[in-house]
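To start, the structure under review is shown below, and the notes come after it.
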């Protein structure tokens with residue numbers, strides 16, 4: 001399985017804001033952005049020319065890193081979103097939000113997307129009673145998510161639920177039984193990703 005193994009704190013510093021890639025660490029003073037609020041590298045503190053292309057590229061990179069997907073995967077999501085009815089940018093964010101690993105984070109069942117991906121890949125979750133080990137699986141309205149009976153990761157999941165401040169309105173979670181239901185597709189106003197999707201559309205439209 002291809003994945004991004006680069007230092008996660010450096011990814012946040014490159015984008016100039018917290019992307020919450022390391023779970024509980026992001027809420028402490030050990031956070032890389034808190035300790036060094038400038039981009040990594042030899043020229044991180046220097047002045048950078050802000051061209052239109054650079055702004056669009058950084059927004060795309062921020063979205064890709066926030067959802068922890070590779071470049072080829074991200075482009076595939078964009079192509080699929082552009083072929084759907086409606087606003088392309090909103091379609092793109094909706095596809096990314098409905099990834100199984102992201103949904104686990106939104107439900108509070110994982111502290112980070114990397115942790116969620118590991119839990120999914122190791123077969124600790126089921127959807128509608130069937131084990132799903134594909135992090136990119138697209139959840140659908142009425143899907144029932146539940147932790148696998150007897151899973152050794154139940155303690156890790158319960159610890160993760162303590163970090164969540166709330167569950168989006170398009171999801172329903174029961175943190176006691178570690179089950180959840182997808183109520184509907186998310187609306188743009190319910191997607192809390194720190195991304196301006198229009199800049200991404202402009203970048204790919206060139």
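Before moving on, here are some points about what is shown:
- For segment 53-133, dividing the convex hull volume of the Cα atoms by the residue count gives 114 Å³ per residue.
- When each of the peptides 55-66, 121-132 is scored by how many other beta carbons lie within 10 Å of its residues on average, the order from highest to lowest is 55-66, 121-132.
- Full extension of the chain between residue 159 and residue 142 gives 3.5 nm of extra length, using 0.36 nm per residue less the Cα-Cα distance.
- Each part reduced to its alpha carbon centroid, segment 152-206 and segment 62-88 end up 16 Å apart.
- Rg [Å, one decimal], Dmax [Å, integer] - segment 155-206, C-alpha atoms: 15.7, 49
- Relative packing of 85-95, 187-197, which averages over residues the other C-beta atoms within 10 Å, highest first: 85-95, 187-197
- Take every pair of alpha-carbon atoms less than 8 Å apart whose residues are at least six positions apart; their mean separation over the length of segment 79-153 yields a relative contact order of 25 percent.
- Taking every alpha-carbon pair in segment 100-184 and binning the separations at 10 Å intervals from zero gives 20, 62, 19 percent.
- When the alpha carbon gyration tensor of segment 95-149 is reduced to an equivalent ellipsoid, its three semi-axes come out at 14, 13, 10 angstrom, largest first.
Since every read-out is calculated from the coordinates, none of them should be taken as a lab result. Note that the coordinates shown come from a computational prediction; the quantities given were computed from them, not determined experimentally. Quick reminder, even Gly has a Cβ in these numbers, built from the backbone with ideal geometry, and neighbours come from all protein chains shown.
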